[in-house]
1. Would you confirm whether or not the range 474-483 contains a residue that is of a type in the set (S, T, N, Q) and in a helix (DSSP H, G or I)?
2. So which of 511, 530 is farther than 20 Å from residue 602 by Cβ and surrounded by 13 or more Cβ atoms within 10 Å (Cβ to Cβ)?
3. Output yes when any residue across the range 287-294 is β-branched (Val, Ile, Thr) and in a helix (DSSP H, G or I), and no when none is.
4. Please determine whether any residue of the range 614-622 is at pLDDT below 90, assigned to a loop (DSSP other than H, G, I, E, B), surrounded by fewer than 16 Cβ atoms within 10 Å (Cβ to Cβ) and touching a helix residue (DSSP H, G or I) at 6+ places or on another chain (Cβ under 6 Å).
5. In the range 256-272, how many are open to solvent by less than 10 Å² (accessible area, probe 1.4 Å) and over 13 Å from residue 324 (Cβ atoms)?
6. Look through the range 496-530, keep the residues that are in contact with a His (Cβ under 7 Å, 6 or more places away or on another chain) and at pLDDT 85 or above, and return whichever of them is farthest from residue 589 (Cα to Cα).
7. Please find, among 321, 345, 388, 367, the residue that is assigned to a loop (DSSP other than H, G, I, E, B) and under 27 Å from residue 234 (Cα atoms).
Amino acid sequence: MEPPENYSRDTSFAVPFEDAQKIILRWDSTASEEARERMIFDGDRQEVDLYLQAVDEIQKSMSSTSISSDHHDQDSNDNKVTSAIQIAMARLEDEFRNILINHTSPVELDSLIISDRASLNHNTSSVRSITEFDQEEVRRGGGDHDDGLDPIQRADSTNSSASYRSTSSIREIDLIPLEAVADLQSIAKRMISAGYFRECIQVYGSVRKSAVDASFRRLGIEKLSIGDIQRLEWETLETKIRRWIRAAKVCVRILFASEKQLCEEIFYGIGTAIDDACFMETVKGPAIQLFNFAEAISISRRSPEKMFKILDLHDALMGLSPDIDVVFESKSADSVRVQAAEILSRLAEAARGILSEFESAVLREPSTVAVPGGTIHPLTRYVMNYISLISDYKQTLIELIMSKPSTGSRYSGDPTTPDMEFAELEGKTPLALHLIWIIVILQFNLEGKSKHYKDASLAHLFMMNNVHYIVQKVKGSPELREMIGDDYLRKLTGKFRQAATSYQRATWVSVLYCLRDEGLHVSGSFSSGVSKSALRERFKTFNAMFEEVHRTQATWLIPDSQLREELRISISEKLIPAYRSFLGRFRSHIESGRHPENYIKYSVEDLENAVLDFFEGYPVSQHLRRRSQ
């Protein structure tokens, strides 16, 4: 379009009202096909400047008290001005929208998210419900292509964690080029000064919210209601939580912060309330959508396996809190700040509640199937792995767990709850007391389970295995060992050693009793002093008892190789010298008689080798190997 005849290229030159009106009408898209097809700000800058000067002139004319002294002429001019303003504002609204759309491009998320194998997220996918032990384990006794995936999906598909490059501060990026920002600012000032504030805000919010929504989709943030989220299987939610944590950091520290910066740039000098309104028009919906996910998790049904993802959410949100306060600092953003703070509080309460419920579940876990061979019970593995993970969250939980556990007392007389006196554990944090209490109630439950074994020796072996496993898990975790303390660890060590002693007494006292001298000597002038019949019976009894112990206890299992070897050595130290001595004293009395091989069936070496079969967890030949023959 050609400028008016008296147009000056000097941009400071004021356009006369009549020319201004012509310029406005010339760009009326409702009256001109050319105006509909072209956008002013896509063309020559002189045209842009001319149109803006025309708008300024119309607005100035509108604010004038009088254009003509004639009343009739004044009404006519007022109508012309009002009509021109309406046409101009409609045009500027279209231009504003067009600039926003043309200069809004997807945020390069690949540059914002990187693979980080040392992420703060813990691999807790193996945590199961305490009521869902692997029954097969009780009976035994013991990648996709990345093509087309978004950055977070690629990180997930490699089983590595992804995190925002800078996890400790806001990092704003330029969402729109500065030249376009200047044009948007020039339009916004004129629309708002003409009273078209709401139209300007609506256009801005509509376009920018669509851009935020697109980024949300690329980050994997779905539009799910709280009810939708709570109906998902926990395994599905675990993956979504990991993705949410990474996405939330990008959203708060980059996307939302950059949207706020853009609003401040476009509406700079117009008014703080205006840029706040534009910002909230853009991000309030997405922010609520983002935080609704964490809120749904915080109020979902509690169960032990949810603890660690809830703590991950809590830590992530706690880390984001200062940034949320900065990005949503205005009064109009109160609702977002309050929602985030309330979610954080509910996540903390959920963690406290889950720990308490976990303690109750450990105490009451009802399985009555005795694990074959007296090996480590699945409950023991589950609980110790669980509290080892708890110790990994020590810093968070020390702040959240502020009260001691509700325990039994030796004076309570309640047979369903073990005793625990805090006086012996003075100086420990409430979290440490909870962990010790969990170990106490685990042992209490295991003692009940040991009663399901008909063989007392196997019951003691079962307790030895399980308490030894507890000790090893505590020793293997520096954080857990520090909280439990060496004093209590020594107490646990004493318990499994006592169980080992009790096993040996229950098994070997009766066997070794066969190797005593009492009852073998007789008095009389025609006797050598030893009753051969009694001696033969004693050897037969020993052979039968040892064979039974060997047959049975070879199928028992001590999974820890060092503990297994230590117990074998302890058995040999008692059995072998006693047998060697007995054999040395009485061998000649048997060998001088008939069929001595029926009574002296085994050499000392045979017994030494037989002991090596013990606690391997599988059957051996019905008859001992007699290597001496």
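The values are calculated or read from the model by the stated rules, or taken from the named source; none is laboratory data. All figures in this text were calculated on a predicted structure; none of them were measured in a lab. Here the Cβ is made from the backbone with ideal geometry for all residues, glycine too, and neighbour counts use every protein chain on show. To get the accessible areas, we keep the full protein, side chains included, count just its heavy atoms, and leave off ligands, DNA and RNA. Shrake-Rupley method; radii C 1.70, N 1.55, O 1.52, S 1.80 Å.
1. Checking the range 474-483: not a single residue is of a type in the set (S, T, N, Q) and in a helix (DSSP H, G or I).
2. Unique residue meeting the criteria: 530.
3. yes
4. No, every residue in the range 614-622 fails to be at pLDDT below 90, assigned to a loop (DSSP other than H, G, I, E, B), surrounded by fewer than 16 Cβ atoms within 10 Å (Cβ to Cβ) and touching a helix residue (DSSP H, G or I) at 6+ places or on another chain (Cβ under 6 Å).
5. 6
6. 496
7. Just one listed residue meets the conditions, 367.
Let's see how each residue does on (1) modelled with pLDDT under 95; (2) touching a Gly at 6+ places or on another chain (Cβ under 6 Å); (3) buried (at least 21 other Cβ atoms within 10 Å of the Cβ); (4) not β-branched (Val, Ile, Thr):
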residue	(1), (2), (3), (4)
364	yes, no, no, yes
370	yes, no, no, yes
377	no, no, yes, yes
381	no, no, no, yes
